[in-house]
Structures are given as C-alpha cells and as structure tokens.
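J.: What follows is a structure written as structure tokens; I'll ask about it next.
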Amino acid sequence: MHLPDMLQAKVRGKSKVEYLEHSNIYEKRFEGKKYFLRTYGCQMNVHDSEEIVAILENLGFSPVNVMEEADIVVLNTCAIRENAHDKVFGYLGRLKHLKRERPDLLIAIGGCMPQQEGVVNELQLHHPYVDIVFGTHNIHELGTLILNSSKKQEIEVYSNEGNVYEGVEYHRDSSITAWVNIMYGCDKFCTYCIVPFTRGRQRSRKMENILEEVRNLKEQGYQEVTLLGQNVNAYGKDLENSVSFAELLKEVSLVGIPRVRFVTSHPWDFTDEMIDVIATQKNVMPYIHLPLQSGSSRILKLMGRRYTKEEYFELFHKMKERISGVAITTDIIVGFPGETEEDFESTLDVVRKCQYDGAYTFIFSPREGTPASKMKDDTPKEVKECRLRRLNECVNQSSLEQNKKLLGKTVEVLIQGVSEKDESKVYGYTDTMKLVNVDAPQEMIGKIISVKITSAKSFSLDGEMLQREIVG
C-alpha cells in the first residue's frame with residue numbers, strides 16, 4: 001500500500017527524470033466481462049482515460065454505457081474544483097448501493113483526487129467498498145491492480161516527481177483527432193492550483209518520440225493532433241539538450257498533418273518565436289487558449305501568476321497583430337481571496353477590451369494544501385455568484401460578437417460527427433475552434449470542407465457545405 005503525501009508531492013529535487021518503456025498487459029482474463037468508465041476534468045484526464053480503456057480492453061473487458069451492466073466501474077477524477085470533487089463522491093453513493101446488490105462488482109477510482117491525502121482518508125473511512133485506488137503516476141499499473149484485486153481495499157498512490165513512460169497504448173476516442181502528450185506535470189505553483197501536487201514536476205517527452213507518435217497518427221489518417229500539457233509553452237526547459245516549444249511546434253507542423261493545435265499555455269512562457277510559428281505555419285491553427293485568471297495585477301500577484309494586467313495586454317495585442325484571424329479564449333476565476341469590487345471591475349475591463357472568443361469562468365475553489373486555501377476569504381458567496389453572472393454576461397456577449405463576424409463568410413471545417421441537436425446535420429470545428437453545425441451528408445465526417453456560415457450564436461455557428469472536400 002502507498003498513500004499520498006502532499007508535502008512530498010511539492011518537492012522539486014535535482015534527480016534526473018527516468019524515461020521508461022510502458023509494459024502493456026495482454027492477459028485477457030476477463031473475456032465476456034464489461035467495464036464502465038466515467039471521466040471528469042481536463043483534456044489530460046480525457047487522454048488518460050484513453051490509456052485506461054486500452055488497459056481494460058487488453059484484459060478482455062468490453063464497454064457498456066449503463067453502469068448497472070458493468071463488472072468493473074472506473075472513475076477517472078479531477079481535483080481542480082470542489083464541484084468535481086462533490087460529483088465524484090455523489091457518484092460513489094450510487095455505487096455503494098450497487099455494490100451491496102452485486103458484491104463481485106469491482107470499483108476503481110483514479111486520477112487527481114486520490115493524490116490528495118484528505119480524499120484517500122475519506123475513501124478509507126467511509127468508502128471501503130472501493131476496491132482499487134490509484135493515482136496519476138501509476139495508471140500503467142491498473143491492469144496489475146485489477147488482476148491482483150482481492151476483497152481488501154488496495155491503495156497505490158505515489159507522491160513523487162514522476163517519470164516519463166514511452167510506448168503507452170491508447171484506445172483513442174476518435175479516428176479523426178488525437179491528443180499527444182508532450183509533457184507532464186507543472187512547476188509553476190500558482191497559489192490556487194493543485195496540479196503541481198497531483199501531477200508532479202514538469203517533465204518533457206523527448207522530441208523524437210513525440211514526432212514518431214505524430215507520424216504514426218498521420219499514417220493512420222488522422223486529420224488533427226493537439227499537443228497536450230499542463231503548460232505546453234514551458235516544454236523542453238527540463239531537457240538536457242534544451243528544445244523550445246516553438247521548435248517542437250514547427251517540427252510537428254512539418255510532419256504534414258492537416259491541423260495542429262496545442263493546450264494549455266501560460267502567458268509567462270509565451271515567446272515571440274511561438275507567435276512566429278503560429279503565424280507562418282499554415283497547418284498550425286490560429287487558436288490560442290491564454291488563461292487570464294484575473295484582470296487585477298494585485299490579485300495576479302496573490303495568485304502567483306508572474307505577470308501584470310499590462311503585460312497580459314501587451315502579449316494579447318501582439319498575438320492579434322501578428323497572427324492573422326487568431327481566436328483567443330481564456331480562463332477567469334472570480335472571488336479569489338481578497339478580491340474587491342475594484343479588482344473585479346479590472347477583470348471586466350480586460351474582458352471588454354480583449355473581446356474574447358470564449359472563456360471558462362469559475363468561482364474560486366480552495367484546494368487542500370495550496371497557499372490560497374489558507375488565505376482570508378471574507379467575500380460572501382452571493383457576491384461571488386453575482387460577479388460570476390456579470391462576468392458571464394460580458395463573456396457571452398463578446399463571444400456572440402466574434403461569431404457574428406463570420407456570418408456570410410466561408411470557413412474550413414473539420415467534420416467530426418453527427419450533430420447532437422439535429423441528426424440530419426453534421427458538426428465540426430473551424431480552424432479557430434468554433435463549433436459549426438453543418439448541413440452536409442454524413443460521408444463528409446473525417447474531411448475538411450468549405451462551409452458558408454448562415455447563423456451565429458454565442459457558443460456555436462450554423463452553416464451549409466459549399467464543396468465536398470478541401471484539397472491541399
């Protein structure tokens with residue numbers, strides 16, 4: 001048994017990162033058995049779930065969409081906000097009743113939540129029916145944990161700096177778009193953020209391994225890859241033969257996949273060289289997610305963000321000037337400890353001036369072990385909720401205005417599936433990551449087509465196909 005240790009999790013030593021080969025399990029002991037997987041949180045968790053699925057299916061499990069039909073239920077969890085935490089424990093309540101009815105049901109919980117001491121304590125005390133608890137550093141051990149599972153709760157969570165595993169097998173959700181990890185962990189330690197504790201130190205994959213994965217995806221017919229990391233533009237700073245993210249991004253683009261994206265960026269590490277690569281490489285999409293978090297320089301300092309409102313503005317306008325047609329989205333937290341009405345108005349000022357294409361907005365959620373969780377927070381809940389409503393009104397209006405600029409224009413859309421709202425249509429995304437519901441036949445799925453935009457809403461567009469497929 002290995003239990004999480006938050007003090008150990010924040011240690012950043014000088015030991016070298018080990019580059020290890022992943023060991024895949026192919027012992028299909030569970031042929032005919034079913035699995036149900038539920039994923040919470042960010043793109044990294046979604047991609048981790050593709051690894052979990054590969055492990056489960058290599059063991060012989062097959063998927064079901066109804067939890068009650070499963071022989072094993074796996075929850076891949078997120079720790080970034082209290083809301084996600086509460087949802088997971090609410091779901092465990094349902095599983096408790098199911099376990100009583102079916103004692104042979106296996107329940108596993110992994111991801112970021114088990115990396116927290118308080119969560120594991122709660123699982124031990126109040127949820128002993130959970131069979132397997134694993135963390136972010138040992139997803140590759142899930143197969144072994146399942147094979148060795150007994151009636152006793154097994155907890156294997158490591159609080160270490162982490163290594164890099166190559167040869168990881170994924171069962172990808174899509175045959176059109178793919179996630180590609182370029183790095184793991186984070187060393188920024190923003191005062192509100194739990195990620196450096198749950199994901200370990202910043203550690204980059206070697207460029208040659210990333211390029212090999214991208215080449216393989218191209219050969220399989222993928223149309224788009226998204227380079228993935230907690231802070232992608234810090235890529236390479238930990239490598240002995242330092243390679244910048246700008247260099248990696250250019251090399252990936254030269255592989256020749258039609259579309260290349262990346263998430264997520266930190267304004268502190270965004271260089272002119274990165275902007276030049278995005279501006280000049282045709283297949284690097286002109287879409288950037290650039291978290292603001294707050295428009296108040298005073299709050300940014302308390303957050304440990306290492307830039308001011310003015311420096312953020314300078315970077316934002318540089319992107320707008322140098323990258324043709326760029327779309328920029330952001331993250332914003334309201335109600336951070338000590339945030340005054342003046343601080344909040346400064347955030348609204350940035351949103352009004354930047355006119356973002358979209359934003360993910362949240363009320364501050366204290367996380368166990370982070371410095372911000374210990375800060376005095378005397379702003380009433382109703383004030384925070386009011387600020388969030390006002391912020392969302394502002395964001396939604398700017399998003400709508402940006403989308404309206406596309407009315408009547410022709411854009412290239414990568415079609416990814418059948419529209420959920422209208423099965424007679426398909427949906428896809430523009431180069432600037434805008435969702436479009438398209439009047440086009442289903443055989444266009446997987447292709448990049450020309451679409452004329454006929455209607456604009458805050459969160460999506462409607463359009464009609466003009467030609468069957470873009471060439472070149």
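J.: Could you please give the count of residues in the stretch 1-40 that are assigned to a loop (DSSP other than H, G, I, E, B), open to solvent by 70 Å² or more (accessible area, probe 1.4 Å) and not basic (Lys, Arg)?
T.: The qualifying residues number 7.
J.: Need pairs with beta-carbon distance below 7 Å; first residue farther than 20 Å from residue 258 by Cα and open to solvent by less than 40 Å² (accessible area, probe 1.4 Å) and within the stretch 448-472, second modelled with pLDDT of 95 or more and of a type in the set (Gly, Ala, Ser); sequence gap 6+ or separate chains.
T.: Hits for this filter: 453/408; 453/463; 458/399; 461/455; 462/455.
J.: Then there's this: Among the residues of the stretch 92-104 satisfying the criterion of being open to solvent by 80 Å² or more (accessible area, probe 1.4 Å) and assigned to a helix (DSSP H, G or I), which is nearest to residue 43 (Cα to Cα)?
T.: In this case the residue turns out to be 94.
J.: Out of (1) over 20 Å from the mean Cα position of the chain (by Cα); (2) closer than 22 Å to residue 353 by Cβ; (3) among the polar types (S, T, N, Q); (4) open to solvent by less than 10 Å² (accessible area, probe 1.4 Å), the odd one out for residue 297 is which?
T.: (4)
J.: Kindly provide the set of residues from the stretch 155-189 that are assigned to a loop (DSSP other than H, G, I, E, B), within 17 Å of the chain's Cα centre (by Cα) and hydrophobic (A, V, I, L, M, F, W, C), ordered by number.
T.: Within the stretch 155-189, 182, 186 meet the criteria.
J.: Identify, by number, the condition in (1) out of contact with any Lys or Arg (no Cβ under 8 Å at 6 or more places or on another chain); (2) part of a loop (DSSP other than H, G, I, E, B); (3) crowded, with 18+ Cβ neighbours inside 10 Å; (4) not charged (D, E, K, R) that residue 198 doesn't meet.
T.: Checking residue 198 against (1) out of contact with any Lys or Arg (no Cβ under 8 Å at 6 or more places or on another chain); (2) part of a loop (DSSP other than H, G, I, E, B); (3) crowded, with 18+ Cβ neighbours inside 10 Å; (4) not charged (D, E, K, R), the one that fails is (2).
J.: Do we have any residue at all in the stretch 398-407 that's among the charged types (D, E, K, R), closer than 30 Å to residue 336 by Cβ and open to solvent by less than 20 Å² (accessible area, probe 1.4 Å)? Can you show your working first?
T.: If we filter the stretch 398-407 for residues that are among the charged types (D, E, K, R), which is where we start, we get 401, 404-405.
This time we only want the ones that are closer than 30 Å to residue 336 by Cβ, so: 401.
Going one step further and asking which of them are open to solvent by less than 20 Å² (accessible area, probe 1.4 Å), we end up with none.
Checking the stretch 398-407: not a single residue is among the charged types (D, E, K, R), closer than 30 Å to residue 336 by Cβ and open to solvent by less than 20 Å² (accessible area, probe 1.4 Å).
J.: While we're looking at this one, here's another question. Any residue in the stretch 339-351 that is more than 15 Å from residue 384 (Cβ to Cβ) sitting within a Cβ distance under 8 Å of a residue that is of a type in the set (Phe, Trp, Tyr)? List the pairs, counting only those 6 or more apart or interchain.
T.: Hits for this filter: 350/312; 350/313.
J.: Let me ask something additional. Based on this model, can you work out whether residue 357 counts as among the acidic types (Asp, Glu) and crowded, with 18+ Cβ neighbours inside 10 Å?
T.: So residue 357 fits the description; yes.
J.: Follow-up question, since we're still on this one. Given (1) more than 24 Å from residue 194 (Cβ to Cβ); (2) modelled with pLDDT under 95; (3) not hydroxyl-bearing (Ser, Thr, Tyr), where does residue 268 come up short, assuming only one miss?
T.: (1)
J.: Same structure, new question: Out of the residues in the stretch 258-280 that are within 21 Å of the chain's Cα centre (by Cα) and among the β-branched types (Val, Ile, Thr), state the one that is most open to solvent (accessible area, probe 1.4 Å).
T.: Step one: of the stretch 258-280, the residues within 21 Å of the chain's Cα centre (by Cα) are 259-270, 274, 278.
The next check asks that each one be among the β-branched types (Val, Ile, Thr); those that pass are 260, 263-264, 278.
Working: 260: 1, 263: 15, 264: 31, 278: 6 Å².
Step by step, filter the stretch 258-280, then rank; the result is 264.
J.: Out of the residues in the stretch 427-447 meeting the condition of being in a strand (DSSP E or B) and not hydroxyl-bearing (Ser, Thr, Tyr), tell me which one is most open to solvent (accessible area, probe 1.4 Å).
T.: 439
J.: Let me ask something else about it. Determine if the stretch 306-315 includes at least one residue that is in a helix (DSSP H, G or I), among the acidic types (Asp, Glu) and either touching a Phe, Trp or Tyr at 6+ places or on another chain (Cβ under 9 Å) or surrounded by 14 or more Cβ atoms within 10 Å (Cβ to Cβ) (or both).
T.: Yes, the stretch 306-315 has at least one match.
J.: Restricting to the stretch 110-132, name every residue that is closer than 15 Å to residue 91 by Cα, hydrophobic (A, V, I, L, M, F, W, C) and crowded, with 22+ Cβ neighbours inside 10 Å.
T.: 113, 119, 130 - these are the residues of the stretch 110-132 that are closer than 15 Å to residue 91 by Cα, hydrophobic (A, V, I, L, M, F, W, C) and crowded, with 22+ Cβ neighbours inside 10 Å.
J.: From 420, 412, 368, 382, which residue is in a helix (DSSP H, G or I), acidic (Asp, Glu) and surrounded by fewer than 20 Cβ atoms within 10 Å (Cβ to Cβ)?
T.: Working: 420 fails: in a helix (DSSP H, G or I); 412 fails: in a helix (DSSP H, G or I); 368 fails: in a helix (DSSP H, G or I).
Unique residue meeting the criteria: 382.
J.: Filter the stretch 62-91 for residues that are open to solvent by less than 10 Å² (accessible area, probe 1.4 Å) and within 23 Å of the chain's Cα centre (by Cα); which is farthest from residue 366 (Cα to Cα)?
T.: Checked the stretch 62-91; the qualifying residue farthest from residue 366 (Cα to Cα) is 73.
J.: Please find, within the stretch 120-135, the residue that is farthest from residue 147 (Cα to Cα) out of those that are among the β-branched types (Val, Ile, Thr) and free of Cβ contacts under 8 Å to residues at least 60 places away in the same chain.
T.: Top of the filtered list is 130.
J.: Quick one: count up the residues across the stretch 316-332 that are open to solvent by less than 20 Å² (accessible area, probe 1.4 Å) and either without any contact (Cβ under 8 Å) to a residue 40 or more places away in the chain or assigned to a strand (DSSP E or B) (or both).
T.: First, pick out the residues of the stretch 316-332 that are open to solvent by less than 20 Å² (accessible area, probe 1.4 Å): 316, 319, 323, 326-330, 332.
After this cut, where a residue has to be either without any contact (Cβ under 8 Å) to a residue 40 or more places away in the chain or assigned to a strand (DSSP E or B) (or both) as well, the list is 316, 327-330, 332.
The qualifying residues number 6.
J.: Out of all the residues in the stretch 207-243, which are over 21 Å from residue 50 (Cβ atoms), open to solvent by 50 Å² or more (accessible area, probe 1.4 Å) and assigned to a loop (DSSP other than H, G, I, E, B)?
T.: 237, 238, 240, 241, 242
J.: Among the numbered criteria (1) among the aliphatic types (A, V, I, L, M); (2) touching a Phe, Trp or Tyr at 6+ places or on another chain (Cβ under 9 Å); (3) closer than 23 Å to residue 186 by Cβ, which one does residue 260 miss?
T.: (2)
The values are calculated or read from the model by the stated rules, or taken from the named source; none is laboratory data. Because the structure is predicted, anything quoted here is derived from the model rather than measured. Heads up, the Cβs are rebuilt from the backbone with ideal geometry, glycines too, and the neighbour counts pull from every protein chain shown. Calculation scope for accessible area: heavy atoms of the full protein, side chains included, ligands and nucleic acids excluded. Shrake-Rupley method; radii C 1.70, N 1.55, O 1.52, S 1.80 Å.
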